[in-house]
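Starting off with a structure, shown below.
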Amino acid sequence: MKPTRLSISLFILTALFTLQSAPADQRATKGSASSIQRATKGSASSIQRTPEGSASSTQPATKGSASPPEAQGKSSPQPTRPNFVIIMADDLGYGELGCYGSNSFKTPHIDALARGGIRFTDFHSNGAVCSPTRAALLTGRYQQRSGIDGVITAKSHRHTGLGLEQETVAEMLKRAGYATGMFGKWHVGYDTKFNPIKQGFDEFHGFVSGNIDLFSHIDQEGWFDWWAQDKLTYIPGYAPHHITERGIEFIRQHKDRPFLLYLPHPAPHYPYQGPGDHANRVVKKGFKPDQLDKLTTVPGLKKAEASRAYREMVQDLDTQVGKIIAELECQGLRENTLIIFCSDNGGTGNKKLGSDNGPLRGKKGQLYEGGHRVAGIFNWPSNIEPGLCTETALTFDLMPTFAELADVVPEATMDGLSLKSLLLTNESLAERPLVWMSGERIAYRLGDWKLLSANNDKHKSSPMLFNLRQDLGETTDLATQYPERVKAMQATALHLQREIRTNSKILNEK
Ligand SMILES: [Ca+2]
């Protein structure tokens, strides 16, 4: 067979990987990178299962599920094709859910989802900002391959969007006979040619910009931004509640066939508005329905009110998750629905506001862990045993996972990996090189080791090296201690960057 660009790349990568593999005594044990995980230290198991479904047990599970699937009760190697529901928060920090250690926010429904499913401690958004993660989720590939290297801003990128030649997860599942709906924040293209209904979704209600006033539905440049399919539509009310109402309607309509329901919520991204607040943006550009004149517009909230609104947004998001779960139960669909809850990037790091990245360094937009390590919860009652997982997974793993579970082959080669065997039978993922890129900055991860390129921090002019198992907070730079490792990791990171960026251009962020 003629070698492809990908196979050549993999060969080079394998060679580089071999070069940088350290002697056994220098390598940290895999699967123990998180300080909040309760797994037994150094355990080879990647998921800690407990009979009660509690995520707090320290009892290790058996690696690779030595017992046959039928002996495990619920597990099955060939499950019925499930419904997929993705609920994605916007800018939710790693420490803002009860199940991730928050004492500030009450999130009982999401916590219950975590207790009854698998909670990842090392789950990541592919980007440290909105648009890139969404592109990676939709394509199963590094977002640079579809040209979404940075934020598609309301100001400067109104003609940019996710390439139509890319097969999306919605297009792939449509081929497999799934109904597909998305309600909420798109943010991978303003022009109607990039609209979700042109990218595989049968149904769309929501907004296409990075953020809207949650009552008047106006983006930060003053454009009205609420769509029904590809038509601007005015519907009064609080946007997160519309998203849930549409989601519930979609579930009812498609309860007799498999479906993909994508619910990317606007919370808790700014503008900070709780369900009882008012509109504070008015139309400056374009479409202006008559009804908007009747809305009360008020100045932006003061700081104390903003933190109150922020808390309400997180807790209302939890309420919305609860409503979707209740509807699935009501329709008898809960058992065979895989629900995934995650965030599109880390929190803003504004502690006065309530943003909380837990033990992580950094914030949204940065390549420290606080920028991209996020909540990751997978819940599928009929097939996934509850547990705590310390494996490294990313948003671009969702599409290959769905492909395997729905028995359909994606058109393009996936960068992400199917998590099916990990989720269903606790088989560890193969160690894989992973990169996060932002402009010219790179973070490169291999197992417990993470390299940050020289330009990631204005105070540092040389690369930084961290061991995340020993130092989740990225407090101790080990670069001078391991110069050979730094050199080898830099070589791989640069190679990956070049390969991934082929045929893509960097968005000029303004
Ligand atoms: Ca975001």
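The values are calculated or read from the model by the stated rules, or taken from the named source; none is laboratory data. Fair warning: this is a prediction, and the values are worked out from it, not measured in the lab. A quick note on method: Cβ atoms are made from the backbone with ideal geometry, for glycine too, and the neighbour counts reach across all protein chains shown.
Report, ordered by the first and then the second residue, all pairs with beta carbons closer than 6 Å, sequence separation of six or more or different chains, a first member in region 324-338 that is part of a loop (DSSP other than H, G, I, E, B), and a second member that is modelled with pLDDT under 95.
Hits for this filter: N336/T80.
Condition (residue is under 30 Å from L496 (Cα atoms), outside any strand (DSSP E or B) and aliphatic (A, V, I, L, M)) applied to region 212-233: is it met by at least one residue? Give the derivation first.
Applying the first criterion (under 30 Å from L496 (Cα atoms)) to region 212-233 yields none.
Checked region 212-233: no residue is under 30 Å from L496 (Cα atoms), outside any strand (DSSP E or B) and aliphatic (A, V, I, L, M).
Based on this model, can you work out whether E165 counts as away from the ligand (no atom under 16 Å from the Cβ), outside any strand (DSSP E or B), in the same structural domain as H254 (by TED's automatic domain parsing) and in contact with a Gly (Cβ under 8 Å, 6 or more places away or on another chain)?
Details: away from the ligand (no atom under 16 Å from the Cβ): yes; outside any strand (DSSP E or B): yes; in the same structural domain as H254 (by TED's automatic domain parsing): yes; in contact with a Gly (Cβ under 8 Å, 6 or more places away or on another chain): no.
Spelling it out, it is not the case that E165 is away from the ligand (no atom under 16 Å from the Cβ), outside any strand (DSSP E or B), in the same structural domain as H254 (by TED's automatic domain parsing) and in contact with a Gly (Cβ under 8 Å, 6 or more places away or on another chain).
Here's another thing I want to ask about it. Which ones in region 199-224 are away from the ligand (no atom under 15 Å from the Cβ) and of a type in the set (D, E, K, R)?
D202, E203, D213, E221
Across region 131-162, which residue is nearest to D415 (Cα to Cα) among those that are modelled with pLDDT of 95 or more and assigned to a loop (DSSP other than H, G, I, E, B)?
R141
Inside region 359-389, can you point out the residues that are farther than 27 Å from N336 by Cβ, more than 16 Å from the ligand (Cβ to nearest atom) and in a strand (DSSP E or B)?
Answer for region 359-389, where residues must be farther than 27 Å from N336 by Cβ, more than 16 Å from the ligand (Cβ to nearest atom) and in a strand (DSSP E or B): there is none.
Kindly list the number of the only condition in (1) more than 30 Å from D256 (Cα to Cα); (2) modelled with pLDDT under 95; (3) away from the ligand (no atom under 16 Å from the Cβ) that fails for P69.
(1)
For region 303-347, give me each residue that is out of contact with any Lys or Arg (no Cβ under 8 Å at 6 or more places or on another chain), more than 16 Å from the ligand (Cβ to nearest atom) and under 19 Å from H242 (Cα atoms).
Listed by number, the residues that qualify are A309, E312, D316, T319, Q320, V321, G322, K323, I324, A326.
Still on this structure: Given (1) at pLDDT 95 or above; (2) surrounded by fewer than 21 Cβ atoms within 10 Å (Cβ to Cβ); (3) of a type in the set (F, W, Y), identify the lone condition not met by Y234.
Among (1) at pLDDT 95 or above; (2) surrounded by fewer than 21 Cβ atoms within 10 Å (Cβ to Cβ); (3) of a type in the set (F, W, Y), Y234 violates only (1).
Here's something else I'd like to know. Going residue by residue through region 114-123, is there one that turns out to be within 16 Å of the ligand (Cβ to nearest atom) and crowded, with 20+ Cβ neighbours inside 10 Å? First the steps, then the outcome.
At the first step, the residues of region 114-123 found to be within 16 Å of the ligand (Cβ to nearest atom) are 123.
If we keep only those that are crowded, with 20+ Cβ neighbours inside 10 Å too, we end up with 123.
Looking for residues that are within 16 Å of the ligand (Cβ to nearest atom) and crowded, with 20+ Cβ neighbours inside 10 Å, one finds at least one in region 114-123, hence yes.
For region 171-180, state whether one or more residues are within 21 Å of T502 (Cβ to Cβ) and not acidic (D, E).
Just the residues of region 171-180 that are within 21 Å of T502 (Cβ to Cβ), to begin with: none.
No, that holds for no residue.
Taking region 231-263 only, how many residues are under 24 Å from M313 (Cα atoms) and either over 27 Å from the mean Cα position of the chain (by Cα) or among the charged types (D, E, K, R) (or both)?
7
Of all residues in region 391-417, which are more than 30 Å from G365 (Cβ to Cβ) and either without any contact (Cβ under 8 Å) to a residue 24 or more places away in the chain or over 20 Å from the mean Cα position of the chain (by Cα) (or both)?
Within region 391-417, E404, A406, D407, V408, V409, E411 meet the criteria.
Return the pair list, or none, for Cβ contacts closer than 8 Å from residues in region 357-371 that are farther than 17 Å from R469 by Cβ to residues that are among the hydrophobic types (A, V, I, L, M, F, W, C) and in a loop (DSSP other than H, G, I, E, B), at least 6 apart or on different chains.
These pairs meet every condition: K364/A128; K364/V129; G365/A128; G365/V129; Q366/A128; L367/A128; G370/L360; G371/A128.
Return yes or no: is G206 in the same structural domain as I152 (by TED's automatic domain parsing) and crowded, with 19+ Cβ neighbours inside 10 Å? Even if it seems obvious, please write down each step before you answer.
Details: in the same structural domain as I152 (by TED's automatic domain parsing): yes; crowded, with 19+ Cβ neighbours inside 10 Å: yes.
Yes; evaluated as a whole, the condition is true for this residue.
Looking at H278, H269, H254, which one is in contact with an Asp or Glu (Cβ under 7 Å, 6 or more places away or on another chain) and either more than 16 Å from the ligand (Cβ to nearest atom) or in contact (Cβ under 8 Å) with a residue 12 or more places away in the chain (or both)? First the steps, then the outcome.
Numbers: H278 fails: in contact with an Asp or Glu (Cβ under 7 Å, 6 or more places away or on another chain); H254 fails: in contact with an Asp or Glu (Cβ under 7 Å, 6 or more places away or on another chain).
Only one candidate passes the filter, namely H269.
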